[in-house]
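Rule-based calculations on the coordinates, nothing more; no lab input. Keep in mind that what you see is a predicted model, and the values were worked out from it rather than measured. Cβ: placed from backbone, ideal geometry, glycine included. Neighbour counts: every protein chain shown.
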Amino acid sequence: MIKIGLVDIDVSHPLTFTKKMLKNGIPMKYAYVCNKGFRGKDQVESFAKKYDIQIVDEIKDMVEHVDVGFIQSCNWEKHIPYAMPFIEKGVPVFLDKPMVGSMEDIRKIRQLAASGAKILGSSSVRYAYEIRDFLAKPLEERGEILNIFGTSGVDEFNYGIHVVEALSAIAGAKGKSCKFAGRSKKVDNMECETFFITFENGITATYNTFLNHWHPFDITIMTTKGTYHFEINVDNIYISLLKNLYEELANHKNTIADVEAITDSCMIMLAGKKSRDTGCGEVFLRDLNDERFDGYAFEEEYAAHDNKMYLNL
């Protein structure tokens, strides 16, 4: 059994991951939790009591007793500081999506990984069975990929990163540039924004972020042999991610995307944000400098809508 040290229960993932691990017999378990997020002591205690998790006051108090750390704060700007106690002791650490949200943190986390830190992540959609099944098809059968289209909902970065990681996994290459293509009209505070990506291998992709309303992750792939379309089954994405994490941690099968690939998706979105906010057109990833998504502003907004989901489990 792989013992997990959990930092924060801000998001729904700790509860959902626990249910998926139990139901599907995945031998991993949250063993300790340290809460520094916005959810109250009552929610932490409810979650811990239900699933036999030990509560600790500080991250350092659990590091030597676990096999991996899971950082699940909704504020991506806190991910690296929370991960450091694990990294300093040589313990692998999983950073929930988005892994990081600034060029400063991308440089930091890449340096940590290059220095030997075991850093895992990030979007569950990257490991969707639909994507893996498509990529498993022989090239002569499915054809060479030319263009990909993907959709997401809810918000720009926290949810948008899912579809960009999915597109990156399908393209199988780093991003070269991203360009803001435009936005729809606004209806009841809902609107859609569109971005255009060029990957280094010449594949292009378009992604839509639908703001303030949930939409499915819908993927269309155009190849030299035809057009493939599927909607990601969100009931299965966590199972796939958790199984891949287990294989990585227990059997060293190297099935998890590396830090370079995951942070490249963050850079694509930073380039798209810069293109939109400055109106400068196509932005090359190599030209990014100090761009960032504001994790503290997102945390404040996210906490304001706390639904007390961890109470009375």
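Figures for the structure shown
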quantity: Contour minus Cα-Cα distance for Glu140 and Lys50 (0.36 nm per residue); calculated: 27.3 nm
quantity: Cα long-axis angle, helix 79-88 against the chain (0 to 90 degrees, to the nearest 10); calculated: 60 degrees
quantity: Degrees between helix 237-251 axis and first principal axis of the chain (Cα, 0 to 90, nearest 10); calculated: 60 degrees
quantity: Cα-Cα over 21 Å, subset of Lys89/Lys243; Lys97/Lys174; Lys29/Lys108; Lys174/Lys225; calculated: Lys89/Lys243; Lys29/Lys108; Lys174/Lys225
quantity: Rough spin-label spacing in nm, given labels placed 7 Å along Cα→Cβ, for Glu282 and Asn147; calculated: 1.5 nm
quantity: Value of Rg to Rh for the stretch 159-218 (Rh from inverse mean 1/r over Cα pairs, i.e. Kirkwood); calculated: 1.01
quantity: Alpha carbon convex hull of the stretch 194-286, volume per residue in cubic angstrom; calculated: 154 Å³
quantity: Sparse-neighbourhood loop sites, chymotrypsin sites (Phe, Trp or Tyr not before Pro) in the stretch 54-85 - DSSP loop, at most 15 other Cβ within 10 angstrom; calculated: none
quantity: Highest to lowest packing among 225-231, 145-151, scored as the average C-beta count within 10 Å; calculated: 145-151, 225-231
quantity: Karplus (6.51, -1.76, 1.60) ³J(HN,Hα), θ = phi - 60°, over the stretch 166-181, in Hz, Gly and Pro reported as x; calculated: 5, 4, 5, 5, 5, 5, x, 8, 6, x, 9, 7, 9, 9, 6, 9
quantity: Label assignment, P(r) over Cα pairs in 20 Å bins from 0, in percent derived from the structure, set (1) 38, 60, 2; (2) 33, 59, 8; (3) 31, 52, 17, 0; calculated: (2)
quantity: Separation between Cα centres of the stretch 1-44 and the stretch 249-297, rounded to whole Å; calculated: 26 Å
quantity: Distribution of pairwise C-alpha distances over the stretch 55-155, 5 Å bins, in %; calculated: 2, 11, 17, 18, 14, 12, 11, 8, 4, 2, 1, 0
quantity: Trypsin sites (Lys or Arg not before Pro) within the stretch 29-112, DSSP loop, no more than 13 other Cβ atoms inside 10 Å; calculated: Lys89
quantity: Trypsin sites (Lys or Arg not before Pro) within the stretch 233-313: DSSP coil, no more than 12 neighbouring Cβ in 10 Å; calculated: Lys253, Lys308
quantity: Around Lys78: net Lys/Arg minus Asp/Glu count, Cβ-Cβ under 9 Å; calculated: -2
